[in-house]
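The values are calculated or read from the model by the stated rules, or taken from the named source; none is laboratory data. The structure displayed is predicted, hence computed values, not measured ones. Cβ atoms come from the backbone with ideal geometry, glycine included; neighbour counts cover every protein chain shown.
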Amino acid sequence: MYRSNTCGELRASHIGSEVILSGWVHKLRDKGFVAWVDLRDRYGITQLVFDEERTSKELLEQARELGRETVIQAKGQVIERASKNPNIPTGEIEVLVTELTILNTSLLPPFTIEDDTDGGEDIRMKYRYLDIRRNPVKNNLIFRHKVSMEVRKYLSDQGFIDVETPYLIKSTPEGARDFLVPSRMNEGQFYALPQSPQTFKQLLMVGGMDKYFQIVKCFRDEDLRADRQPEFTQIDCEMAFVEQEDILNTFEGLTKHLLKEIKGVDIQEFPRMTYDDAMRLYGNDKPDIRFGMQFGELNTVAQHKDFNVFNTAELVVGIAVPGASEYTRKEIDALIDWVKRPQVGAKGMVYVKCNEDGSYKSSVDKFYDQEDLAKWAEVTGANPGDLICVLSGDANVTRAQLSALRMELATRLGLRKPNEFAPLWVVDFPLLELDEETGTYHAMHHPFTSPKPGQLELLETDPGAVKANAYDLVLNGNEIGGGSIRIHDKEIQATMFKHLGFTPEEAKAQFGFLMDAFQYGAPPHGGIAFGLDRLVSILGGQETIRDFIAFPKNNSGRDVMIDAPAKIDEAQLKELHIKLDL
Ligand code: ASP
């Protein structure tokens, strides 16, 4: 028997009992005639004591030699501690060791295994197995486990069946590049790793499995923006015989359950907002509604004077920053520099200080009088003491820029509180999105998303105006889930492919299996997928998903621990009939 108890288990009530503990040497304190070892395992730390008087000199000598992270087994008696440590659950006791076995030695770890380690990100990733011994990482993994168990419990209780779908498949259209896997047995042919199980879950609906879920890895070969992983986990779900309303209610239920069980937060009904409103009021299809600062469109109240910058702009739009009228010239200049950074890309920023005495002071006083500025304040909802920040230009671009500024200011003002939760359904997404470069339309969600009833004809005349039965669940400014009601009719699906620029032959070659299946009584169906990594990190009150993944990849998509991706040898390439052209 390696252990009778864990290192996090023993309390005053155990005093007097004989125990065996196993774990890692966390720390050694040597006082000459007595030495203490903090023994650590997943469950906590227990203090071991080696005492030449109460046990033996040999044992004490042995303990003194113990290096950090040595794996040991210690047998002894639980005794009351002379100086108790109220900061840890085992702080009332210690174990007087009578037998010590070294189970394994350890090299000196490249960073300290402490909550606040001296190890930088790179070194911790290289030795991730040591990093996982640290509380912050370990606790995040345990937290993730709790979330996925609650997901499974809830969905299973609702009658959902967990079905696995294959990883070696044909391309799925989620808008990214596929990771490809050469097939040795089928010369010159490749599998694609699923960007999501989308087509399979729809086929499961045709198969009559009317409530499906799976916690599943998805693979997308995208240029890695901050906090994206090439492989990530989805809670993937699909239901048959449902309308949008059924899906929203079911998964609102799941999210409420998680917020309650995991965070103890009770949220009543989730608000809903159309995509158009989200863009107009927040410049963003995933608005953080934990705080205000809604956009105020100023065209009608700002385009009547000689200020050409505004007069020539498609959109003039502002936000009122609470309590920021006191910003100094220097602080405002820094803000202007911030919006002019290439990442944001604004040409400049106009501001209005709404003074406490009700007067206004702006950077465009030359063009606008107090009465004008009062109207701006009204439109942006500014109160005395606020600062109005105004951007202008092309509507879409300006909205995105002001959205970035809104988020930045909210962060600076401490308005993005990690323990406040503001879910929001964004509904009525456009079906198609215009690719400015190629001038062609592609599916905003994916090609299987159904248009709103009665809007199919619009596809011919005004494709950009067609709205979809598609929805996103947003939590604290992050898209945590997205889905749609699907097309289940072969003809409509064929029309959709046509509008997306597929010839009938291309559509058949790529998605013939789905169209075929639709001929055999496909039920109306729809679904959603949640990004588990992000959901867990938001529930955990943190921003980076990497902290909640046991073995994540870095920003260049590398696993620095196992050193992947890596070259493969000639023989292996040959077997796959692959020649490299580097
Ligand atoms: N497959 C979609 C995605 O990964 C989700 C869905 O439509 O259910 O975004």
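For segment 224-239, does any single residue satisfy the condition of being at pLDDT 95 or above, within 12 Å of the ligand (Cβ to nearest atom) and part of a loop (DSSP other than H, G, I, E, B)? So far as segment 224-239 goes, no, none of its residues is at pLDDT 95 or above, within 12 Å of the ligand (Cβ to nearest atom) and part of a loop (DSSP other than H, G, I, E, B). At negative phi and in contact with a strand residue (DSSP E or B) (Cβ under 7 Å, 6 or more places away or on another chain): which single residue out of F513, F518, F551 fits that description? Testing whether each residue is at negative phi and in contact with a strand residue (DSSP E or B) (Cβ under 7 Å, 6 or more places away or on another chain) leaves just F551. Out of curiosity, is T55 in a loop (DSSP other than H, G, I, E, B) and either over 17 Å from I20 (Cα atoms) or among the hydroxyl-bearing types (S, T, Y) (or both)? So T55 fits the description; yes. Between E65, E53, the distinction of being modelled with pLDDT under 95 and acidic (D, E) belongs to E53 only.
Scan L254, L259 and give me the residue that is at pLDDT 95 or above, more than 16 Å from the ligand (Cβ to nearest atom) and within 26 Å of D428 (Cα to Cα).
Result: L259 is the single residue among L254, L259 that is at pLDDT 95 or above, more than 16 Å from the ligand (Cβ to nearest atom) and within 26 Å of D428 (Cα to Cα).
On inspection, G477 does not qualify as surrounded by fewer than 16 Cβ atoms within 10 Å (Cβ to Cβ), at positive phi, more than 15 Å from the ligand (Cβ to nearest atom) and of a type outside the set (D, E). Here A529 meets the list (1) under 26 Å from V466 (Cβ atoms); (2) in a helix (DSSP H, G or I); (3) under 15 Å from the mean Cα position of the chain (by Cα) almost entirely, failing just condition (2). The set of residues from segment 423-438 being buried (at least 18 other Cβ atoms within 10 Å of the Cβ) and among the hydrophobic types (A, V, I, L, M, F, W, C) comprises L424, W425, V426, V427, F429, L431, L432.
Does L130 meet the test of being surrounded by 13 or more Cβ atoms within 10 Å (Cβ to Cβ) and within 16 Å of the ligand (Cβ to nearest atom)? Judged against the criteria, L130 is not a match. Before we move on, is L108 under 26 Å from Q73 (Cα atoms) and touching a Pro at 6+ places or on another chain (Cβ under 6 Å)? It is false that L108 is under 26 Å from Q73 (Cα atoms) and touching a Pro at 6+ places or on another chain (Cβ under 6 Å).
Scanning segment 345-403 for residues that are of a type in the set (F, W, Y), surrounded by 22 or more Cβ atoms within 10 Å (Cβ to Cβ) and within 13 Å of I319 (Cβ to Cβ) turns up just one, W376.
In the condition set (1) away from the ligand (no atom under 13 Å from the Cβ); (2) crowded, with 16+ Cβ neighbours inside 10 Å; (3) over 23 Å from the mean Cα position of the chain (by Cα); (4) closer than 24 Å to G283 by Cα, G464 is compliant with all but (2). The condition of being within 22 Å of F213 (Cα to Cα), surrounded by fewer than 22 Cβ atoms within 10 Å (Cβ to Cβ) and either small (G, A, S) or within 16 Å of the ligand (Cβ to nearest atom) (or both) holds for only one of G557, G521, that being G521. Reported count of residues in segment 480-494, each being more than 16 Å from the ligand (Cβ to nearest atom) and not aliphatic (A, V, I, L, M), is 3.
Residue-wise test of (1) modelled with pLDDT under 95; (2) loosely packed, with under 14 Cβ neighbours inside 10 Å; (3) of a type outside the set (K, R).
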{"site": "L96", "(1), (2), (3)": "no, no, yes"}
{"site": "M125", "(1), (2), (3)": "no, no, yes"}
{"site": "R134", "(1), (2), (3)": "no, no, no"}
{"site": "R144", "(1), (2), (3)": "no, no, no"}
{"site": "K153", "(1), (2), (3)": "no, yes, no"}
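Among the residues in segment 486-497, are any in a strand (DSSP E or B) and either modelled with pLDDT of 95 or more or in contact with a strand residue (DSSP E or B) (Cβ under 7 Å, 6 or more places away or on another chain) (or both)?
yes
Quick test of your reading of the structure: L100 fulfils all but one of (1) under 43 Å from the mean Cα position of the chain (by Cα); (2) over 18 Å from N135 (Cα atoms); (3) in a strand (DSSP E or B). Name the failing condition by number. Only one criterion is unmet by L100, namely (1).
Among the residues of segment 173-202 satisfying the criterion of being within 13 Å of the ligand (Cβ to nearest atom) and not polar (S, T, N, Q), which is farthest from I578 (Cα to Cα)? Per the criteria, the residue is K201. Using the structure shown, decide if A443 is touching a helix residue (DSSP H, G or I) at 6+ places or on another chain (Cβ under 9 Å) and at pLDDT below 95. The answer is yes for A443. Among the residues making up segment 1-35, a single one is in a strand (DSSP E or B), surrounded by 14 or more Cβ atoms within 10 Å (Cβ to Cβ), of a type in the set (D, E, K, R) and out of contact with any Lys or Arg (no Cβ under 7 Å at 6 or more places or on another chain): K27. Give the residues of segment 441-458 that are assigned to a strand (DSSP E or B) and either within 11 Å of the ligand (Cβ to nearest atom) or closer than 18 Å to V426 by Cβ (or both), sorted by residue number. If the condition is that a residue be assigned to a strand (DSSP E or B) and either within 11 Å of the ligand (Cβ to nearest atom) or closer than 18 Å to V426 by Cβ (or both), then A443, T449, P451 are the ones that fit. Of the residues R534, R558, the single one that is closer than 20 Å to L259 by Cα and either touching a Gly at 6+ places or on another chain (Cβ under 6 Å) or among the basic types (K, R) (or both) is R534. With respect to the conditions (1) touching a residue at least 60 places away in the same chain (Cβ under 8 Å); (2) farther than 19 Å from Y471 by Cα, F429 lacks only one, and its number is (2).
Taking each residue of segment 220-248 that is under 10 Å from N555 (Cα atoms) and looking for partners that are of a type in the set (G, A, S) with beta-carbon atoms closer than 6 Å, six or more apart or interchain, yields L224/G557; P230/G557.
Count of segment 367-407 residues, restricted to those that are over 18 Å from F310 (Cα atoms) and in contact with an Asp or Glu (Cβ under 6 Å, 6 or more places away or on another chain), is 2. Go through the residues of segment 245-256 one by one and say whether even a single one is in a loop (DSSP other than H, G, I, E, B) and closer than 29 Å to K153 by Cα. For segment 245-256, residues in a loop (DSSP other than H, G, I, E, B) and closer than 29 Å to K153 by Cα: absent.
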